[in-house]
Amino acid sequence: MRKNIIEIKHLKKSFGNHEVLKDIDFVVKQGDVTSIIGASGSGKSTLLRCINLLETPSSGEILYNGENILLSKDIPAYRAKVGMVFQNFNLFENMNVLQNCMIGLTKVLKLDKEKAKQESLYFLEKVGMLPYINAKPRQLSGGQKQRVAIARSLAMRPNVLLFDEPTSALDPQMVGEVLSVIKSLVEEGYTIIIVTHEMAFARDVSSQVVFMNDGVILEKGTSEEIFENPKNDKTKEFLKRFMNY
């Protein structure tokens, strides 16, 4: 039986008087691919940032392997295990590709430089970026930058990978190369939570789909339940743009 790896319980987040997340509950099991879908402004990215503790929830719990990580004293160690890939890459412009991958290994995991280099090279090869290890981010396309960002997260050997709209900043021709890398991670059994507007991709890879609207989860279920037979009218309305009902 697959264990619960992340459990979100009654999660709320407000910015001033604006409540962005309203009583969010869902569970991610080991090996799940959870796609979070919904219109812009529905709270999807804020939810992901809360899970990674880039935002502090106003109330509620986030359990990681049964422990409430909001009480954690070692957030960098938690973030190493729950890696985040951002829509805008967040690479260090003054470092080359290899250095971008190595820095978390040396600074957070305290690996020696040679071990960090070998780990980084392994994962850069995995995403097809080995020929570019000496390039600076400004010399790379958007798709290449995102693949480096994915390699950087993978090198930390996380238990969960969070993707925040990983293709939204890319030109259309580069979207496929990044989705292909993510799909290979799905096939390897990584536990993934992804915020995405790529509905065909979400339908194909997800074991669980969460539909958000105005800060609440209106509907959640398997890929088949949400994409083939949505119950909520707002889910149907949202998905009408992508497929026929």
note = Of (1) touching a residue at least 60 places away in the same chain (Cβ under 8 Å); (2) more than 17 Å from the chain's Cα centre (by Cα); (3) in a helix (DSSP H, G or I), M102 satisfies every one except (1)
note = Looking across the range 182-205 at residues that are over 13 Å from the mean Cα position of the chain (by Cα) and among the aliphatic types (A, V, I, L, M), the single one that is surrounded by the most Cβ atoms within 10 Å (Cβ to Cβ) is V205
Where S141 falls short, out of the listed (1) open to solvent by 20 Å² or more (accessible area, probe 1.4 Å); (2) under 14 Å from F86 (Cα atoms) = (2)
Qualifying position, being under 23 Å from L185 (Cα atoms) and surrounded by fewer than 20 Cβ atoms within 10 Å (Cβ to Cβ), among L91, L109 = L109
key: Candidate set: the range 208-240, residues that are crowded, with 16+ Cβ neighbours inside 10 Å and among the hydroxyl-bearing types (S, T, Y); chosen: the one nearest to the chain's Cα centre (by Cα)   = S223
query = Can you name the condition, by its number, that R49 falls short on among (1) without any contact (Cβ under 8 Å) to a residue 60 or more places away in the chain; (2) charged (D, E, K, R); (3) closer than 21 Å to R157 by Cα; (4) open to solvent by 50 Å² or more (accessible area, probe 1.4 Å)?
reply = (1)
request  = Considering each residue of the range 32-42, count those that are under 14 Å from the mean Cα position of the chain (by Cα) and open to solvent by 10 Å² or more (accessible area, probe 1.4 Å), and give that number.
outcome  = 1
message = Which pairs turn up if I take residues in the range 174-189 that are at positive phi and look for partners that are open to solvent by 40 Å² or more (accessible area, probe 1.4 Å) and of a type in the set (D, E, K, R) with beta carbon separation below 9 Å, at least 6 apart in sequence or on another chain?
response = none
Count of residues meeting criterion [touching a Ser or Thr at 6+ places or on another chain (Cβ under 7 Å) and of a type in the set (D, E, K, R)] in the range 18-77 = 2
ask   = Which of the following residues is assigned to a helix (DSSP H, G or I) and either in contact (Cβ under 8 Å) with a residue 24 or more places away in the chain or more than 21 Å from T34 (Cα to Cα) (or both): L154, L162, L170?
value = L154
The range 67-80: number of residues that are part of a helix (DSSP H, G or I) and open to solvent by 80 Å² or more (accessible area, probe 1.4 Å) = 2
inquiry  = Of the residues D171, D164, only one is in contact with a Ser or Thr (Cβ under 7 Å, 6 or more places away or on another chain) and either acidic (D, E) or at pLDDT 95 or above (or both); which?
reply    = D164
note = Residue hits (the range 1-25; in contact (Cβ under 8 Å) with a residue 12 or more places away in the chain, more than 14 Å from P57 (Cβ to Cβ) and part of a strand (DSSP E or B)) are N4, I5
query = If you check G128, G83, which single one turns out to be in contact with a strand residue (DSSP E or B) (Cβ under 8 Å, 6 or more places away or on another chain), in contact (Cβ under 8 Å) with a residue 24 or more places away in the chain and outside any helix (DSSP H, G or I)?
reply = G83
ask   = On the given criteria, is E114 part of a helix (DSSP H, G or I), more than 27 Å from V20 (Cα to Cα) and open to solvent by less than 40 Å² (accessible area, probe 1.4 Å)?
value = no
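The values are calculated or read from the model by the stated rules, or taken from the named source; none is laboratory data. All of these numbers come straight from a predicted model, not from anything done at the bench. Note: ideal-geometry Cβ built from the backbone for every residue, glycine included; neighbour counts use all protein chains shown. SASA here: full protein model, heavy atoms, side chains in, ligands and nucleic acids out. Shrake-Rupley method; radii C 1.70, N 1.55, O 1.52, S 1.80 Å.
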